[in-house]
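Okay, so here's the structure we're looking at.
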Amino acid sequence: MHVESLRTSAPQENVILACLSPSPSNQRVLRSAAKMLKSAGGKGIAVYVGRNTRTMETNSQLAENIRCAKEHGFEVITAESSDIPLTISEYAKRAGVTDLFLGYSAPSHILFPKKTISEKLMRYLPDTDIHIIPDTLASSYPGMEKDGGQRMPSFRDLLTVIGIMAVATLISILVDRSRFSNANIITIYILGILISSLFTSHQAYGIFAAVLYILLFNFLFIDPRYTLLVYNSGYLVTYLVSVAAGLITSSLTSRMKSIARSSAENAYQANVLLNASNQLEQADDISAIIRIACVQLTHLLNRTVVFCPSEKTDMGYCLYRADDNLPDPDFTEREQEALAWTEDNRHSSGALSSHFPGCRYRYMSVHSERKQYGVIAIDMNNKPFTEFENTILMAIIHEFTMALDRQDMAEERKKTEIAAENERLRAGLLRSISHDLRTPLTSIYGNASTLQANDSMLTAEDRRKIYDDMAEDSQWLIAQMENILAMTRLENSMKLNMSTENTEDVIAESLRHIPSHPHHTIRTISPENALYAQMDAKLIMQVLVNLITNALKYTSEGSLITIRTQSSEGNILISVEDNGDGISDEDKPHVFELFFTGKHTLSDSYRSLGLGLNLCRMIMDAHQGTITVRDNTPKGTVFTISLKEMEVPSYEQ
């Protein structure tokens, strides 16, 4: 057997322990312990022991006391136990506590008082100095406070009991005068006691109904009648049993009503939180999340709610009134100080709190470990939250914060993905450009070197062919540079130089930028009346040049290319049609993608970066227009762009 001995030595320093509780006056205990800690030095510990530590998250006063303990330099420890004094004493022994501070706890019962927590701690810790701080806000007899929100006796409930027992008495008189046994009268009165317990709010009414039953039964139905004398001692047992039955049934009924009320509140709370959670999950931006959370709080609390975003954002106040007739919130200098303090310290302040209690609004921080989102201001109007309101308020704020966190992380992830995609595209573009531009530049350099070294030896025909090759390579480079410059312009600034232009003039100017095409025929078809469209003329010319150049490149010699212009439902449609081999159905969905060159029988003989059609789509998107591709009849391809049609300018009329 292994035996381990535990030795305790005298503490080398003062260890001061303060007991935490949800009491508003617990901060007096903390301040008293802090004074001793400051004067005597040593280590400060604040301990909270509860039967369910999960209530810490929903008890605003306890959270405020914990924050106060941390401000005074105490290390906060929490534990869950059903025997609070024993747990505190065991921890105090292990930590070597020299001084223990706690608030005064009143006796738990008037007639049969139990030992208080302080008395038990004195017995458990005889060698520890225990300082008891009076709690002026505590009830002298906590047993008189009703659990589950029971109300104290009321005149209305008293009349209810009297009425029920009066009805029971009338029925009993009828039974007494009938042929039925008088034993049924006892059953009728017991039923009256049960009904009284069911329809009243306190178990005392059940006992009162039992007393009425004894008096009425004895006065009306026991010989000698109409007196309170009892000749038969057997009835005394009946009376005692009746009182006990009334006490038990009223207690059980009261408990069942409390359970039912608690279950209803829990069900309502769960329903509210479920609806709020579902709506917050479906929100697609931060503004929608803020609106949903504030509307839920406004409906739940019936108070005006203002969300004040963090100064780091560009949003303004988001106001949601409980009553449309209320004026806009007046954030005085004091209110703004409370707001700033809450945002800086991430703790609640304002009305009915220890910080800035004179304010009208209660300020609650909306933050996570990663970010401060803002502050929720709730118009208290000197009305504190109920325990139920406070519980569900904290839960909704928690869901609100989680939703903001999810949305913020999603937006950051989206930005990161976009940045990564842009970087990938830039890297791909640079690789493609560096690879494909090297070939024409090498060709131009080689041809120029040949002319320099062998000019006198070359025939006129050879020199003309070299000149043609250099011109073709130069034109290809110019076209690609124009595409790259246009893409850069669109990426850096989507601002277009829009104007109303004659489509025939734009097409004619585009054709002037097309390289020579002796083996192809280009024709234009347009209506007799001039058509005008809203466009950035330079960019639209780039689109037409790319489409016409592609038609020349991917069709065989002798092909016909048609540029057709027409008006359709407020739009101008410009089509570039060819009668080549066309584009396969497999490639059509990808032709506007960056770097896509496709598979074409003629494509291998031409260089292509896969920029042209992607640039065309970008330009048309910037114009809020469209670009489409379809098959031509009987064969070939048709590219069509759509621009907004404009009326004829006055200077043209």
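Since every read-out is calculated from the coordinates, none of them should be taken as a lab result. Just so it is clear, the model here is predicted, and its values are computed rather than measured. All Cβ positions, even for glycine, are placed from backbone atoms using ideal geometry, and neighbour counts span all protein chains on display.
Would you mind calculating the gained length between R370 and T238 on full extension (0.36 nm times residue separation, minus the Cα-Cα distance), in nm to one decimal?
On the way: separation 132, 0.36 × 132 = 47.52 nm, distance 6.97 nm.
Result for the pair: 40.5 nm of gain on full extension.
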Compute the FRET efficiency between L451 and M481 as 1/(1 + (r/R0)^6), taking r as their Cβ-Cβ distance and R0 = 35 Å, and round to the nearest 0.05. 0.90
So which trypsin sites (Lys or Arg not before Pro) in the stretch 488-595 pass both tests, a DSSP loop state and at most 11 other Cβ atoms within 10 Å of the Cβ? K495
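Please compute the length gained on full extension between A340 and N571, using 0.36 nm multiplied by the number of residues separating them and subtracting their Cα-Cα distance.
77.7 nm
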Amide H to amide H, which residues 5 or more places from H131 or on other chains are under 5 Å from it, using H placed in the peptide plane? L100, F101, L102
Residues with beta-carbon under 15 Å from that of A276, excluding A276: net charge, scoring Lys, Arg +1 and Asp, Glu -1? -1
